[in-house]
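**Student:** Here it is, the structure, as structure tokens.
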Amino acid sequence: MEAVKKRCEIDDQFKWDLEDIYPSDAAWRAAYTGVDAQIAKMEAHKGHMMASAASFWAAVTDAMTLSEETGRLYVYAQMRFHQNERDEVYQGMAGEADMLAARVRTASSFMTPEILEAPASVIETFLEAEPRLSLYRHYIEELTRLRAHRLPAEQEALMALASESLEAPEQIAQMLRNADMSFGHITDEDGNPTELTAERFIVFMEKDDREVRKAAYTRMYETYRGYKNTFASAYAGRVKASVFNAKARKFDSCLEASLAENGIPAEVYRNLIASVNEALPLLHRYMRLRKQALGVSELHMYDVYTPIVKDAAMTFTFEEAKQTILEALAPMGADYIALLQKGFSERWIDVYENEGKHSGAYSWGAYGTKPYVLLNYQDTLDNLFTLAHEMGHSLHSWYSREAQPYVYADYPIFLAEIASTVNEALLMQYLLGICKDMRTRAYLLNKFVEQFRTTFFRQTMFAEFELLTHEMVEAGKPLTAGGLCTLYKSLNEKYYGPNVTYDDLIDNEWMRIPHFYYQFYVYQYATGFASAVAFSKAILETDGAVGQYKNLLTGGSAKDALSIAKEAGVDMAKPDFVRDAMAVFASVLTELETVMEALA
């Protein structure tokens, strides 16, 4: 592998066009100053917003305008920072954006308490008297739904002031992973010393050469182990912040507090874990097949990513990946394909890794901006699927922002992983459909099974880890480095089963997972995957399904998340859709076993 490039060494066509948000940092600074000035205007509504229908409308409208512009400022600064997290200029801008966002939250923190303190009859009178307020009816209904968990104005202001400090643990962990930690070099399969980075780790885990996999695995987790006390302190701080928020807002648990914003019952989360635990023998069966296929006497955790079908590895340059995705997603219709082409040609995507760049991949943006994608692209099948995944998020954002006003343009997080995973499912079906030989089919079936393992089983394991650690703190138990490592290892043993040999290095993997700082987020990868299996099947087999699915894409947050999903064809309040996904997994696994036996 080549050394990681400096950002200036990468062609502009492979960098996102943030100038479309602000043409320069100076323009960002001018907008920042303008928002700063609007804060005083917002604060002037305090104590008066419920005096009349007109004042109510003016306050809510000013709050939305301020929030919209702050969002653009925040996204620009953070994405500039993510280009190179060692750049102190953009570190500073990102910090300024954090502080500005906190001031905006503080300035508008009086709104919800004042709305909730007003009698329902008064609010209804205002809605009838001022037709322009009809736009905000659902927004107001969502606020009142959580009336019991809102605080008086002074306390809401304190919560807003505390928000920046409560986010410090996430920032500490992020800076450790992306700026301060170095994983050194390992010897690659050709005998050359090669730098190990967070982005290259999974590439090494997929190598045929077992010694390379073991070396990368050992180097990665030995390095993390050296920081375990710092990571444990950071994660414990994040969990304590969640407990503080839940208690302050009078929720029974952190889980309930986190899910309440989207109106998701805690039973959905617990049903997922219970249903997946029921199906763990299927994952154990897959581990047995993997051990047999690799021909190893002991299957280690550094053996679980490498393809079990040799000589069928599929690679895709970025140009090939784009073309493949356009062909695979053709069933979504001409308008969807046109938007994909627009994203590919108009620099929505920051493609390649460079020194200091934020790890992983995401889709982000703000109302009125392009839906940007950050990648660290490598020419692998996994990265092909990552591109399809993130473009699913981006097109979801595009459709939602085009169809909805600002107040409803952000779709519920609970639905966020559906659009991305539908793209992946359609891509898999396309690749299986065009493959011409049994070995390639086995390779793709293995990939499909791996999607279940990583997106369904593994994310549910993460969800269970989050639930248990939060319940420990809620019960007054401390989170220590040793305790977190022991818990994480025990979950790996339960999920992956008796066919895997476990060492003490896997104990440290929890430190590498940034999503643990996003409070009960990862379960939605699993629920999104399960529902996406159903949606993609309908898109390929049922007339009218594409139109129904696009209603989900355009729905934003104009309705509650469960209603949007149910109207699109999947009832996510019941565990049936999880069990249906497990049935698909069992079917794919059986076919893989059959094909592997034929190839033996």
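The values are calculated or read from the model by the stated rules, or taken from the named source; none is laboratory data. The structure presented is a predicted model; accordingly, all values stated were derived computationally and were not measured. Glycine also receives a Cβ, built like all others from the backbone with ideal geometry; neighbour counts cover every protein chain displayed.
**Student:** Given the criterion modelled with pLDDT of 95 or more and in contact with a His (Cβ under 7 Å, 6 or more places away or on another chain), identify the matching residue among 242, 253. It would help to see each step written out before you state the result.
**Tutor:** Details: 253 fails: in contact with a His (Cβ under 7 Å, 6 or more places away or on another chain).
Residue meeting the stated conditions: 242.
Condition check ((1) under 27 Å from residue 330 (Cα atoms); (2) at pLDDT below 90; (3) in a helix (DSSP H, G or I); (4) of a type in the set (Asp, Glu)) across all residues:
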site: 543; (1), (2), (3), (4): yes, no, no, yes
site: 546; (1), (2), (3), (4): yes, no, yes, no
site: 571; (1), (2), (3), (4): yes, yes, no, yes
site: 596; (1), (2), (3), (4): no, no, yes, no
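**Student:** Another question, then. Within the stretch 278-307, restricting attention to residues that are small (Gly, Ala, Ser) and at negative phi, which residue is farthest from the chain's Cα centre (by Cα)? Steps first, answer last, please.
**Tutor:** Looking only at the stretch 278-307, we keep the residues that are small (Gly, Ala, Ser), and these are 279, 293, 295, 297.
From what's left, at negative phi: 279, 293, 297.
Details: 279: 24, 293: 32, 297: 36 Å.
Among those residues, the one meeting the criterion is 297.
**Student:** Cβ-Cβ below 8 Å, separation at least six or inter-chain, first residue in the stretch 488-503 and in a helix (DSSP H, G or I), second surrounded by fewer than 17 Cβ atoms within 10 Å (Cβ to Cβ) and among the acidic types (Asp, Glu): which pairs?
**Tutor:** 489/504
**Student:** OK, next. Which of the numbered conditions does residue 483 fail, given that it passes all the others? Conditions: (1) out of contact with any strand residue (DSSP E or B) (no Cβ under 7 Å at 6 or more places or on another chain); (2) surrounded by fewer than 23 Cβ atoms within 10 Å (Cβ to Cβ); (3) over 26 Å from residue 165 (Cβ atoms); (4) modelled with pLDDT of 95 or more.
**Tutor:** Evaluating residue 483 over (1) out of contact with any strand residue (DSSP E or B) (no Cβ under 7 Å at 6 or more places or on another chain); (2) surrounded by fewer than 23 Cβ atoms within 10 Å (Cβ to Cβ); (3) over 26 Å from residue 165 (Cβ atoms); (4) modelled with pLDDT of 95 or more leaves (3) as the failure.
**Student:** Right, another one. Run down 142, 85, 124, 96 and say which single residue is in a helix (DSSP H, G or I), acidic (Asp, Glu) and either in contact with a His (Cβ under 9 Å, 6 or more places away or on another chain) or under 21 Å from residue 405 (Cα atoms) (or both).
**Tutor:** On the way: 85 fails: in a helix (DSSP H, G or I); 124 fails: either in contact with a His (Cβ under 9 Å, 6 or more places away or on another chain) or under 21 Å from residue 405 (Cα atoms) (or both); 96 fails: either in contact with a His (Cβ under 9 Å, 6 or more places away or on another chain) or under 21 Å from residue 405 (Cα atoms) (or both).
Going through 142, 85, 124, 96 in turn, just one is in a helix (DSSP H, G or I), acidic (Asp, Glu) and either in contact with a His (Cβ under 9 Å, 6 or more places away or on another chain) or under 21 Å from residue 405 (Cα atoms) (or both): 142.
**Student:** Let me ask another. Looking only at the stretch 488-532, which residues are more than 18 Å from residue 455 (Cα to Cα) and among the aliphatic types (A, V, I, L, M)?
**Tutor:** Answer for the stretch 488-532, where residues must be more than 18 Å from residue 455 (Cα to Cα) and among the aliphatic types (A, V, I, L, M): 500, 505, 506, 511.
**Student:** What do you reckon, is residue 1 at pLDDT below 95, surrounded by 13 or more Cβ atoms within 10 Å (Cβ to Cβ) and in contact with a helix residue (DSSP H, G or I) (Cβ under 9 Å, 6 or more places away or on another chain)? I'd like the intermediate steps shown before the answer.
**Tutor:** Values: at pLDDT below 95: yes; surrounded by 13 or more Cβ atoms within 10 Å (Cβ to Cβ): yes; in contact with a helix residue (DSSP H, G or I) (Cβ under 9 Å, 6 or more places away or on another chain): yes.
Here the answer is yes, as residue 1 does meet what is asked.
**Student:** On to the next question. Would you mention how many residues in the stretch 11-43 are surrounded by fewer than 17 Cβ atoms within 10 Å (Cβ to Cβ), touching a residue at least 60 places away in the same chain (Cβ under 8 Å) and either part of a loop (DSSP other than H, G, I, E, B) or touching a Gly at 6+ places or on another chain (Cβ under 7 Å) (or both)?
**Tutor:** Going through the stretch 11-43 one residue at a time, the tally reaches 2.
**Student:** Which condition does residue 314 not pass, out of (1) out of contact with any Lys or Arg (no Cβ under 6 Å at 6 or more places or on another chain); (2) modelled with pLDDT of 95 or more, if it passes all the others?
**Tutor:** Checking residue 314 against (1) out of contact with any Lys or Arg (no Cβ under 6 Å at 6 or more places or on another chain); (2) modelled with pLDDT of 95 or more, the one that fails is (2).
**Student:** Hey, among 581, 568, 586, 558, which residue is of a type in the set (A, V, I, L, M, F, W, C) and surrounded by fewer than 18 Cβ atoms within 10 Å (Cβ to Cβ)?
**Tutor:** Working: 581 fails: surrounded by fewer than 18 Cβ atoms within 10 Å (Cβ to Cβ); 568 fails: surrounded by fewer than 18 Cβ atoms within 10 Å (Cβ to Cβ); 558 fails: surrounded by fewer than 18 Cβ atoms within 10 Å (Cβ to Cβ).
Exactly one of 581, 568, 586, 558 is of a type in the set (A, V, I, L, M, F, W, C) and surrounded by fewer than 18 Cβ atoms within 10 Å (Cβ to Cβ), namely 586.
This table checks each residue for (1) out of contact with any Phe, Trp or Tyr (no Cβ under 8 Å at 6 or more places or on another chain); (2) modelled with pLDDT of 95 or more.
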| site | (1), (2) |
| --- | --- |
| 130 | no, yes |
| 147 | yes, no |
| 150 | yes, no |
| 156 | no, no |
| 168 | yes, no |
| 171 | yes, no |
| 186 | no, yes |
| 190 | yes, no |
